[in-house]
1. Name the long-range amide H neighbours of A:ASN5: under 5 Å, sequence gap of 5 or more, or other chain; modelled H, no Pro or chain starts.
2. Rounded to whole Å, give me the distance from the Cα center of the stretch B:152-223 to that of the stretch A:177-191.
3. Please enumerate, by chain and number, the lysines with C-alpha under 29 Å from the C-alpha of A:LYS214, excluding those fewer than 8 residues away in the same chain.
4. How much of A:GLU38 can a 1.4 Å solvent probe reach, expressed as accessible area in Å² and rounded to 10?
5. Along the Cα-to-C-beta direction of B:LYS58, a point sits 7 Å from the Cα; which residues of the stretch B:83-127 have their amide N less than 20 Å from that point?
6. Restricting attention to the stretch B:1-77, which trypsin sites (Lys or Arg not before Pro) occupy a DSSP loop and are surrounded by at most 15 other Cβ atoms within 10 Å?
7. Can you work out the Karplus-derived ³J(HN,Hα) for every residue in the stretch B:87-102? Use 6.51 cos²θ - 1.76 cosθ + 1.60 with θ = phi - 60°, whole Hz, and x for glycine or proline.
8. Based on the mean of other Cβ atoms within 10 Å per residue, sort peptides A:148-161, B:167-180, A:70-83 so the most packed one is first.
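The values are calculated or read from the model by the stated rules, or taken from the named source; none is laboratory data. On a predicted model such as this, the values are computed, not experimentally measured, just so you know. Neighbour counts are summed over all protein chains in view; Cβ atoms, including those assigned to glycine, are modelled from backbone coordinates with ideal geometry. Calculation scope for accessible area: heavy atoms of the full protein, side chains included, ligands and nucleic acids excluded. Shrake-Rupley method; radii C 1.70, N 1.55, O 1.52, S 1.80 Å.
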Amino acid sequence: MKFQNIFRTEYVEHLRRGVKDGSLIKYYESDTFLYDNEKILQFPVEYYPENIKLIIPNNKSNYDFENSKIIYESYKSLTPLQASDIRLWTYLSHIDYFEYMSKRWPSIKEHSAVNPSKYILDHWFIPSPSQSNFLRHGIAGLWWVSYLTYDENRTDHYELTKVIYRQLDFATRTLGTYSLARHKEAVFGILEFILDNSLLFANNFEAKSRYITKLINQLGGIRPLSYFEKDYFKGILINAKDRIGNI
Amino acid sequence: MKFDGFSFPHPVLGIKDDIEGVSSVDEIKLDEMSNSDNYILNIKYKLSNIDLEEMITKKSAFFHCELNCSSTLFRKSYLSDTSHHEIWIPKDYVRDKVELLFTLISTHAFSNYQNSKAHCDFLNFKFDIDNGDVLAYLGKGYFIAGISYHKLKAVSSFMEIEKGENETGDYNVILDNPKILIKLSKNDYIKYCDSRIGKNRECATIFHSSIVLPTLIHALYQLTINDDLKDKSWAIQIFNRLDNDELFIGLSLNEDNILKISQLILGMPIERLLNDLYFQLNTKTDTDN
């Protein structure tokens with residue numbers, strides 16, 4: 001087995017600069033990404049997972065949930081420290097999963113991006129290791145969302161991952177961007193509440209999910225959320241059911 | 001949680017003049033070196049308020065430290081029933097800035113809370129306290145995770161010492177192996193394994209300078225002339241370190257840089273050894289006087 005490849009730091013910076021100044025944007029319009037083979041390193045702690053294929057998005061679905069599961073299963077042994085290495089995700093988004101990236105974020109190939117540089121930088125690159133940057137990245141986001149929602153105590157470990165992907169923004173712009181998302185018990189409590197109350201969330205999912213995330217976040221202003229377990233958060237939301245239903 | 005300019009629904013020690021007393025953090029000490037897998041955080045709290053101290057004694061209130069790391073999405077609570085709090089944080093779970101928030105929290109729900117040293121504005125008021133409510137704010141802090149961890153991890157992850165074949169005289173280095181192997185003679189190895197020597201931190205600079213440094217220099221030189229070694233785990237570790245650590249910006253592995261790179265990887269062992277010896281000599285001289 002060989003080790004996973006990653007880009008060298010200097011090469012990541014070189015690519016980023018080329019996207020910023022526009023000189024490399026044309027590379028993102030191709031079917032494969034042309035890169036300098038001399039700028040590859042081996043990642044010493046992770047073996048290269050072989051024969052991994054992400055599901056290519058189509059008109060019916062982006063397959064975010066399915067691909068999140070595939071990426072997390074393929075790189076499950078990563079520690080959070082290893083998973084915060086931006087060289088790894090930059091390599092994966094440019095090389096191993098470039099075809100998927102081009103289809104999932106097609107505005108460059110379709111020439112429809114208002115700001116092509118920003119579009120590429122948002123989805124192919126991670127400017128610095130941080131929660132919002134990871135979740136916005138096309139491949140890192142898939143891994144980290146599964147990491148935050150994977151529940152080994154459930155028969156289907158990804159049951160809550162499916163809930164968070166019910167609405168695209170929920171993972172990347174709502175729940176995922178609050179620091180409460182770093183506390184797994186809070187995430188489990190919120191997602192389990194949604195799962196248990198499917199009728200309640202049958203309509204206005206976006207507004208309701210924003211409301212409950214804000215509600216829990218506000219609690220964090222007076223109590224240290226990381227102290228509490230899943231049932232505490234579920235209890236708060238159960239008590240707020242009427243208010244949620246009125247949205 | 002924000003505490004500046006914030007008022008809670010009940011009096012909180014450390015917030016404005018809600019309650020008379022002292023609540024602060026006296027000391028935060030980070031130990032990065034003694035454990036290869038964990039940072040050890042030692043915190044000393046200072047709290048002076050008779051009612052809250054009684055709650056701590058009765059174990060209905062605990063000192064609480066919340067860790068928050070945005071770079072690795074790590075957020076966790078740690079409780080202590082004494083003013084000395086030792087926290088072990090896995091090094092694989094944090095990097096860069098790790099924020100700390102210190103409070104005293106209630107671990108029970110109860111009614112009719114009053115504090116005998118509360119501001120007169122709270123006189124005659126009684127409050128319902130929930131499990132997890134903040135009773136005192138002690139402060140906040142942070143530490144930077146990462147640099148020393150890599151230094152420590154770098155050596156043990158790619159080099160190890162073993163017993164050689166002969167009774168005396170051996171000092172052999174095996175590079176055709178996942179880790180760089182240093183083989184000492186059987187007699188030397190027995191002495192190395194003596195806990196007063198091998199596990200003694202005071203001897204670390206001697207080992208780094210006399211055994212580890214020359215071995216690393218040899219390994220790095222071989223790496224520049226033998227392509228077959230580049231796929232070894234120890235070589236991959238070293239290349240990764242050279243690429244990822246700011247210390248090595250502008251330095252590439254070639255014959256001219258081997259000595260400098262070896263010293264940097266090991267945290268300047270010659271300097272550390274001479275500093276230790278100098279300190280020991282000066283201490284001895286003072287004692288004699």
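1. A:PHE43
2. Computed from Cα coordinates, the inter-centre distance equals 46 Å.
3. A:LYS69, A:LYS118, A:LYS162, A:LYS184, A:LYS230, A:LYS234, A:LYS241, B:LYS2, B:LYS16, B:LYS76, B:LYS97, B:LYS140
4. My reading of the accessible area for A:GLU38 is about 140 Å².
5. From the stretch B:83-127, the list is B:83, B:104-119, B:123-127.
6. Numbers: sites: B:LYS2, B:LYS16, B:LYS29, B:LYS44, B:LYS46, B:LYS58, B:LYS59, B:ARG75, B:LYS76; in loops: B:LYS2, B:LYS16, B:LYS58, B:LYS59.
Sites meeting the loop and neighbour criteria: B:LYS2, B:LYS16, B:LYS58, B:LYS59.
7. 10, 9, 10, x, 5, 6, 10, 9, 7, 6, 7, 10, 8, 10, 10, 10
8. For the peptides A:148-161, B:167-180, A:70-83, the packing ranking is A:70-83, A:148-161, B:167-180.
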